[in-house]
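The values are calculated or read from the model by the stated rules, or taken from the named source; none is laboratory data. The model shown is predicted, which means the values in this text are computed figures rather than measured ones. Here Cβ is always computed from backbone atoms with ideal geometry, including for glycine, and neighbour counts include all displayed protein chains.
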Amino acid sequence: MFSKAFGKGVGFAAVVSVVGFGGLAFSALALAEETALETAVEAADPTAGQSIFRRCAACHTVENGGPTRVGPNLWGIVDRDIGAVEGFRYSRSMAASEETWSLENLDGFIQNPRAFVPGTTMGFAGLRNEEQRASLLAYLQSLSNEGSEAEE
Ligand code: HEC
């Protein structure tokens with residue numbers, strides 16, 4: 001997958017091309033989904049996401065240095081390597097992944113964990129509501145050292 005910086009740059013170019021030059025809209029198509037997700041997350045309400053996170057809190061802590069419960073701690077999860085918490089026993093599929101938790105990957109996983117990561121041991125049915133996922137992602141994104149500061 002693209003690094004975040006690269007994805008953002010291209011996403012921006014895609015937006016410009018849609019707005020500015022109809023002829024380039026073709027090249028924007030492949031990235032339209034990621035761009036829409038980023039826009040949705042930016043517009044979403046992290047406070048609403050915090051209440052939705054109650055469904056996750058039975059198994060996950062979010063504070064910096066928080067303990068493992070049934071699932072690993074989720075501090076700084078946006079753009080973290082998949083399966084990166086030391087000492088946590090991940091499923092084989094998750095341990096084998098070499099990707100990062102981009103917003104796009106998180107969105108897909110939260111929507112339907114078992115479809116997105118076949119063999120995952122995360123016992124959560126999935127959050128089908130797009131708006132709720134965007135709020136949840138906005139909340140998770142706020143939980144990192146970078147917080148909502150300008151990203152590199
Ligand atoms: C019933 C317990 C449970 C619930 C509820 C749950 N999770 Fe999980 N979660 C897990 C387990 C177990 C894993 C490890 C999965 C694996 O190794 O396949 C995990 C893994 C994850 C990961 C990957 C972490 C990493 O270090 O790569 C993310 C992200 C995540 N969960 C987010 C969520 C979110 C967001 C919610 C709420 C919408 C949620 N989880 C609800 C148990 C749960």
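When Ala138 is evaluated against the numbered criteria (1) of a type in the set (Gly, Ala, Ser); (2) near the ligand (Cβ under 7 Å from one of its atoms); (3) surrounded by 13 or more Cβ atoms within 10 Å (Cβ to Cβ), which criterion, by number, is the only one it fails?
In the conditions (1) of a type in the set (Gly, Ala, Ser); (2) near the ligand (Cβ under 7 Å from one of its atoms); (3) surrounded by 13 or more Cβ atoms within 10 Å (Cβ to Cβ), Ala138 misses (2) alone.
Can you pull out the helices (runs of 4 or more DSSP H) entirely within the stretch 81-125 that have at least 2 residues that are near the ligand (Cβ under 7 Å from one of its atoms) and touching a residue at least 60 places away in the same chain (Cβ under 8 Å)?
Once the helices (runs of 4 or more DSSP H) in the stretch 81-125 are filtered for at least 2 residues that are near the ligand (Cβ under 7 Å from one of its atoms) and touching a residue at least 60 places away in the same chain (Cβ under 8 Å), nothing remains.
I'd like the full set of residues that are in contact with a Phe, Trp or Tyr (Cβ under 7 Å, 6 or more places away or on another chain) and not acidic (Asp, Glu), limited to the stretch 48-64.
Gly49, Gln50, Phe53, Val62, Asn64
Looking at Ser135, is it more than 22 Å from Val41 (Cβ to Cβ) and in a helix (DSSP H, G or I)?
no
Before we move on, is Phe26 modelled with pLDDT of 95 or more, aromatic (Phe, Trp, Tyr) and in a helix (DSSP H, G or I)?
Criteria not met by Phe26.
Identify all residues within the stretch 52-75 that are in a loop (DSSP other than H, G, I, E, B) and surrounded by fewer than 18 Cβ atoms within 10 Å (Cβ to Cβ); write none if there are none.
Within the stretch 52-75, Ala58, Cys59, Thr61, Glu63, Asn64, Gly65, Gly66, Pro67, Thr68, Arg69, Val70 meet the criteria.
Just to verify a result, which residue in the stretch 58-80, among those that are charged (D, E, K, R) and over 13 Å from Met122 (Cβ atoms), is nearest to the ligand (Cβ to nearest atom)?
So the residue we want is Arg80.
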